[in-house]
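The values are calculated or read from the model by the stated rules, or taken from the named source; none is laboratory data. Every value quoted in this text rests on a predicted model; they were computed, and no experiment measured them. Glycine gets a Cβ as well: all are built from the backbone with ideal geometry, and neighbour counts include every protein chain shown. Ligands, DNA and RNA are stripped out before the accessible areas are found, and what is left, the full protein with its side chains, is counted by its heavy atoms. Shrake-Rupley method; radii C 1.70, N 1.55, O 1.52, S 1.80 Å.
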Amino acid sequence: MDRPNKPAALSATGGKPDPQAQVTISQASSLVTAVLPTGDSVEVLLYGATVVSWKDASGQEKLFVSTAAKTDGSKPVRGGIPLVFPVFGAPPKDHATAKLPQHGFARNSRWEFLGKAGDGESESGSVKLDFGLSSGQLDQAWKDKWPYDFGLVYSVTLSPGKLATSLVVSNEGEEAFECQVLMHTYFRVNVGFKFLFPASSSALSFTLDCLTNLIALQQDIADTKVTGLDSASYIDKMDGAKVKTQAAGGISLSALTDCVYTPDTPPSDPIAIVEGGKTTLSISRDNMADVVVWNPWEEGAKGMGDFEPKDGWKNMICVEAGSVRSWTKLERGDVWEGAQTMTAS
Ligand code: BG6
């Protein structure tokens, strides 16, 4: 992301030199960046506490962010990891969230940077950034639409080759409330090339054809599969919310896809993104029963003003860990926590 303002470097350990990570706040205090000595980095926008970049040590970006995404707080960021709370999708008309927009208000609100975790609180060689949003900080317009007292603490932990995000939701009021949570992660897919070899009649002509006609194409969504959801029950939002069972062999996308999976395997069993036959990323979950798989495809991308480039759908897939198929009810004083860990390979 561009940084119009000179970053103010923060020591990650309150004044002492930190051999582990450099944490910076820039862009008029709206973007928090952490860089590990290995070169792995993460950027989190305070607007929505949206992770807008995650790069590995080689500088390779793991997340997709639309080049037309708004990062000025005028609308949720199209890409990265927007946080969905307290409702997933369009709110039901007869529910306490009914007046909220699709996916709630967490991704539309400015969060507070609570700081870097103290020594001993995060793994050695990693850095944990904490962000907070509570009813006290919420714009009055949101409070009018959802008048509950809540506290959210969102932690983003960067380790070499790994990014973990966890959300703690607490009910700080007298009244019980119901909520849904989703980490709406847009993964970038396009890391490699596939080679097309011409069909040839003999070994000699094959060799000559290869030398003259070898075609290298960049991989995209057509070469991508999501594995780990075989035999899971899912709601197909593109087919009248029918409940279906995922066939074996992984999920390949060939059209606009919007499905809510509830695997019966343990959440710690990874779900993987496989590109050109190679696992590039795996996602494990903690206390989040559901996984949304979404790609807007050509027609969906056309309909979104903030989705650019228009063929960007070929280079992204949303695999979204959450707790969305039912409601989590929190009584006064109750606390809920859910997390995902994404590992690059
Ligand atoms: C997904 C939903 O999580 O988010 C889709 O399942 C939705 O139905 C998509 O279209 C994008 O939502 P939005 O509000 O960011 O355009």
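Between a residue in the stretch 125-141 that is within 21 Å of V32 (Cβ to Cβ) and open to solvent by 40 Å² or more (accessible area, probe 1.4 Å) and any residue that is at pLDDT 95 or above and of a type in the set (V, I, T), which pairs come within a Cβ distance under 8 Å, given they are 6 or more apart or on different chains?
The qualifying pairs are K128/V156; K128/T157.
Keeping to the stretch 226-247, report how many residues are β-branched (V, I, T), under 21 Å from E275 (Cα atoms) and open to solvent by 40 Å² or more (accessible area, probe 1.4 Å).
Taking the stretch 226-247 and keeping what is β-branched (V, I, T), we get 226-227, 235, 243, 245.
From what is left, the residues that are under 21 Å from E275 (Cα atoms) are 226-227.
Restricting the remaining residues to those that are open to solvent by 40 Å² or more (accessible area, probe 1.4 Å) gives 227.
Number of matching residues: 1.
Can you name the residue in the stretch 172-202 that is over 30 Å from P92 (Cβ atoms) and modelled with pLDDT of 70 or more and, of all such residues, is most open to solvent (accessible area, probe 1.4 Å)? Don't jump to the end; show me each part of the working.
Step one: of the stretch 172-202, the residues over 30 Å from P92 (Cβ atoms) are 188-202.
When the remaining residues are screened for being modelled with pLDDT of 70 or more, the result is 188-190.
On the way: R188: 74, V189: 1, N190: 32 Å².
Per the criteria, the residue is R188.
Looking only at the stretch 248-271, which residues are open to solvent by 60 Å² or more (accessible area, probe 1.4 Å) and either farther than 23 Å from D286 by Cβ or of a type in the set (K, R) (or both)?
A248, S252, S254
Please find, within the stretch 298-345, the residue that is farthest from the chain's Cα centre (by Cα) out of those that are within 20 Å of Q246 (Cα to Cα) and of a type outside the set (G, A, S).
Among them, the one singled out is R325.
Residues of the stretch 64-104 being open to solvent by 50 Å² or more (accessible area, probe 1.4 Å), within 13 Å of the ligand (Cβ to nearest atom) and of a type in the set (S, T, N, Q), which ones?
Of everything in the stretch 64-104, just one residue is open to solvent by 50 Å² or more (accessible area, probe 1.4 Å), within 13 Å of the ligand (Cβ to nearest atom) and of a type in the set (S, T, N, Q), namely Q102.
Among the residues of the stretch 44-95, which ones are without any contact (Cβ under 8 Å) to a residue 40 or more places away in the chain and out of contact with any strand residue (DSSP E or B) (no Cβ under 6 Å at 6 or more places or on another chain)?
Within the stretch 44-95, S58, G59, D72, S74, P76, A90, P91, P92, K93, D94 qualify.
Would you mind finding the one in S58, S29 that is assigned to a loop (DSSP other than H, G, I, E, B), modelled with pLDDT under 95 and open to solvent by 60 Å² or more (accessible area, probe 1.4 Å)?
S29
Please list, ordered by residue number, the strands (runs of 3 or more DSSP E) wholly in the stretch 213-330 having 1 or more residues that are more than 15 Å from the ligand (Cβ to nearest atom).
Strands (runs of 3 or more DSSP E) meeting the threshold: 215-218, 224-227, 233-236, 242-245, 271-275, 278-286, 316-330.
A quick yes/no check of all residues on (1) farther than 23 Å from Y261 by Cβ; (2) part of a strand (DSSP E or B); (3) of a type in the set (S, T, Y):
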{"position": "D130", "(1), (2), (3)": "yes, yes, no"}
{"position": "K143", "(1), (2), (3)": "yes, no, no"}
{"position": "V153", "(1), (2), (3)": "yes, yes, no"}
{"position": "L163", "(1), (2), (3)": "no, yes, no"}
{"position": "S166", "(1), (2), (3)": "no, yes, yes"}
{"position": "E174", "(1), (2), (3)": "yes, no, no"}
